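Note sheet for the following structure.
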Amino acid sequence: MRKDKRVKYRTPKGVQDILPPEVSVWQKIENVARRVFSVYGYQEIRPPIIEFTELFVRGIGEETDIVEKEMYTFQDRAGRSITLRPEGTASVVRAYIQHHLYNLPSPQRFYYMGPMFRYERPQKGRYRQFHQIGVECFGEDTPRVDAELMHMLFRYLEAIGLRDLSFEINSIGCRQCRPRYREKLLQFLSSKREQLCTDCLRRYSRNPLRVLDCKVPECIEATKGAPAVTEYLCANCQEHFGSLKRYLEQLGLTFRVNPRMVRGLDYYTRTTFEVLSSELGAQNAVAAGGRYDDLVEEFGGPPTPAIGFAVGVERLATLIMERADTEGPRLFGYFATLGERATEEAMGLASRLRDRGLWVEMNYRPEASLKSQLRKANRMKAMYVFILGEEEIQKGVIRYKRMDDGFQSEVKLSDFVAFITGSMVQES
Ligand code: ATP
Ligand code: MG
């Protein structure tokens with residue numbers, strides 16, 4: 001695509017404007033989230049977009065892609081290291097502890113929505129500023145909560161019109177059993193070291209589970225016969241995972257166990273999951289989440305089990321736009337006016353219709369020709385045009401035209417607002 005030289009300023013790479021009418025898809029995604037999450041007891045929380053860098057390094061983990069190479073970090077004027085949030089969980093956990101929300105009855109449930117920032121290589125479905133809608137549930141460790149949360153996510157995605165989604169689930173164990181699996185995995189990987197990428201060689205010594213998450217084809221190949229984490233779960237984790245699967249079945253949610261899914265953040269324990277869409281191509285995960293039973297304690301709060309997920313709004317928007325109309329709200333009426341007096345009168349009438357919740361527009365230039373005004377109303381896809389000139393004012397009437405079929409008539413000016421809000425609104 002050739003760049004228009006007249007455009008002096010552009011968005012940075014990987015960052016985009018969301019314009020109408022696409023923005024109406026975003027509003028729908030957000031509104032449905034509020035509606036669905038609230039009946040499950042989730043309340044909105046709005047953490048800040050900047051935090052101390054430390055929070056993400058400790059929370060997400062030093063050996064992760066996000067912390068190693070994706071964070072937008074800078075020093076503020078006082079020399080403190082600040083980071084634009086790359087995800088939401090760390091902030092919500094910080095807020096939960098900072099404001100002693102654990103003193104409230106459990107579970108405490110929160111949802112958030114907003115921009116996240118990661119310095120990634122931009123491509124379809126992957127941006128540097130992107131948006132997530134996420135939820136976090138604190139204070140319950142039963143797998144019933146895991147199942148309920150995943151089912152809520154499914155209901156949500158269904159409610160915004162997504163189909164053909166698949167749920168992949170896994171359990172990556174806990175502090176008790178993961179070290180044992182780690183040993184097994186290291187044993188397995190030691191003979192494959194030649195085949196691993198340089199990143200994975202580093203992960204090998206510091207955080208070998210990460211190797212399973214690598215997208216490099218050679219690494220995927222090398223780890224094909226790797227031991228499955230689900231084979232090494234302790235009795236408690238096994239029971240948790242077993243019950244989760246049973247509850248999901250009871251709720252009618254189909255899923256697939258994927259023992260390779262370790263997720264890209266270090267805080268997860270036990271349950272992890274992803275929702276994939278077959279329609280998305282390479283970046284096919286629309287949502288992901290899991291349990292993080294140790295994080296609140298690691299951040300200095302009381303031991304508090306927790307679980308959450310985040311959905312990628314850009315990817316949802318892509319899926320919805322490919323199927324549905326992206327029409328925004330439709331313009332109800334356009335006041336076409338001729339002359340000063342009529343234009344003034346229209347201002348009052350427009351205001352009264354807007355008070356009644358109708359979107360109307362009017363002509364601001366009394367000298368404009370009726371023809372050009374009708375053309376404009378047409379381009380704006382107005383349902384009705386209201387025509388008011390000197391002649392109409394004299395007679396005390398206003399003409400109206402239904403744009404769909406061209407039907408025209410007139411109504412007394414004094415009856416106009418009642419007439420419009422009565423008969424026309426109902427029929428449209
Ligand atoms: P991926 O494997 O695609 O990099 P991730 O594991 O980094 O995903 P999470 O941090 O779990 O993703 O974020 C949850 C969701 O947020 C993802 O499933 C995806 O829909 C979305 N997401 C993550 N990173 C981006 C990005 N750079 N651009 C757009 N959406 C993103
Ligand atoms: Mg990623």
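Taking Cα atoms, how many degrees apart are the long axis of helix 178-190 and the longest axis of the chain, rounded to 10 and kept between 0 and 90?
The answer is roughly 80 degrees.
On full extension of the chain, what length is gained from L186 through R354, given 0.36 nm per residue of separation minus the C-alpha to C-alpha distance?
Gain in length upon complete extension: 53.7 nm.
Radius of gyration and Dmax for region 28-166's Cα atoms, expressed in Å?
Just the Cα atoms of region 28-166 yield Rg and Dmax of 16.4, 50 Å.
Can you tell me which of 273-279, 90-96 comes out highest on packing, and rank the rest after it, using the mean Cβ neighbours within 10 Å? Don't skip to the end; give the middle numbers.
On the way: 273-279: 19.3, 90-96: 22.3.
Result, highest mean first: 90-96, 273-279.
Sort the following peptides by mean Cβ neighbour count (other Cβ atoms within 10 Å, averaged over residues), highest first: 284-294, 360-370, 124-134.
On the way: 284-294: 22.6, 360-370: 14.7, 124-134: 19.3.
Packing order, densest peptide first, comes out as 284-294, 124-134, 360-370.
By the scheme Lys and Arg +1, Asp and Glu -1, what is the net charge of all other residues having a beta-carbon under 10 Å from that of D213? Walk me through the numbers on the way to the answer.
Values: positive: R203, R210, K215, R260, R263; negative: D65.
For residues surrounding D213, the net value is +4.
Note the angle between two axes, namely the Cα long axis of helix 143-159 and the longest principal axis of the Cα atoms of the chain, as a number of degrees from 0 to 90, rounded to the nearest 10.
Once rounded, the angle reads 30 degrees.
Would you mind estimating how fast region 271-408 diffuses translationally, via Stokes-Einstein at 10 °C and 1.306 mPa s with the Kirkwood radius over Cα pairs, in µm²/s? Don't skip to the answer; put the middle values down first.
Details: Rh = 19.6 Å.
Here the translational diffusion coefficient equals 81 µm²/s.
Using a basic spin-label model with each label point 7 Å from the Cα along Cα→Cβ, how many nm lie between C234 and I18?
4.2
In Å, what is the Rg of the alpha-carbon atoms in the chain, and how long is Dmax?
Using the Cα atoms of the chain, the pair Rg, Dmax is 28.2, 95 Å.
Based solely on its DSSP helices, what 222 nm [θ] is calculated for the chain when runs of n ≥ 4 H residues each add -39,500 (n - 2.57) and the sum is averaged over all residues, nearest 500 deg cm²/dmol?
Calculated mean residue ellipticity at 222 nm is -10000 deg cm²/dmol.
Compute the accessible area per residue over the chain, keeping the other protein chains in place, probe 1.4 Å, unit Å².
51
Please build a GNM for the chain, connecting alpha carbons under 10 Å apart, and tell me which residue among S243, S166, S190 fluctuates the most.
In the Gaussian network model the winner is S190.
In angstroms, what radius of gyration and Dmax does region 119-210 have, counting Cα atoms only?
Rg, Dmax (Cα atoms, Å): 18.4, 48.
So what are the three principal axis dimensions of region 333-421 from its Cα atoms, in whole Å, longest to shortest?
29, 27, 23
Is any residue of region 100-141 close enough, with backbone N under 20 Å, to a label point placed 7 angstrom from the Cα of R155 along the Cα-Cβ axis, and if so, which?
Counting only backbone N, you get 106-113, 133-141.
Which residues among region 294-315 fall inside the zone where the amide N is under 19 Å from a point 7 Å beyond the Cα of L104, along Cα→Cβ?
What the label zone holds, given the 19 Å backbone N cut-off, is 296-297, 301-309.
Any lysines with Cα under 20 Å of the K376 Cα? List them, leaving off those in the same chain fewer than 8 positions away.
Counting by Cα, and skipping residues close in sequence, K376 has these lysines nearby: K401.
So what's the net charge close to S166: Lys and Arg +1, Asp and Glu -1, counting the other residues with Cβ under 10 Å from its Cβ?
Numbers: positive: R256; negative: D164, E168, E274.
Taking every other residue near S166 into account, the sum is -2.
Can you work out the Karplus-derived ³J(HN,Hα) for every residue in region 160-170? Use 6.51 cos²θ - 1.76 cosθ + 1.60 with θ = phi - 60°, whole Hz, and x for glycine or proline.
So the J values, rounded to whole Hz, are 8, x, 7, 10, 6, 9, 10, 9, 10, 10, 7.
Place a label point 7 angstrom from the Cα of E44 along the Cα-to-Cβ direction, then list the residues of region 346-390 whose backbone nitrogen is under 19 Å away.
Answer for this model: none.
Run the quick spin-label model on R202 and S278: label points 7 Å from Cα toward the beta carbon, then report their separation in nm to one decimal.
3.8
The values are calculated or read from the model by the stated rules, or taken from the named source; none is laboratory data. From a predicted model like this one, the values you see are computed outputs, not experimental measurements. All Cβ positions, glycine included, derive from the backbone under ideal geometry; neighbour counts span all protein chains shown. We work out accessible area using only protein heavy atoms, side chains counted, and drop any ligands, DNA or RNA first. Shrake-Rupley method; radii C 1.70, N 1.55, O 1.52, S 1.80 Å.
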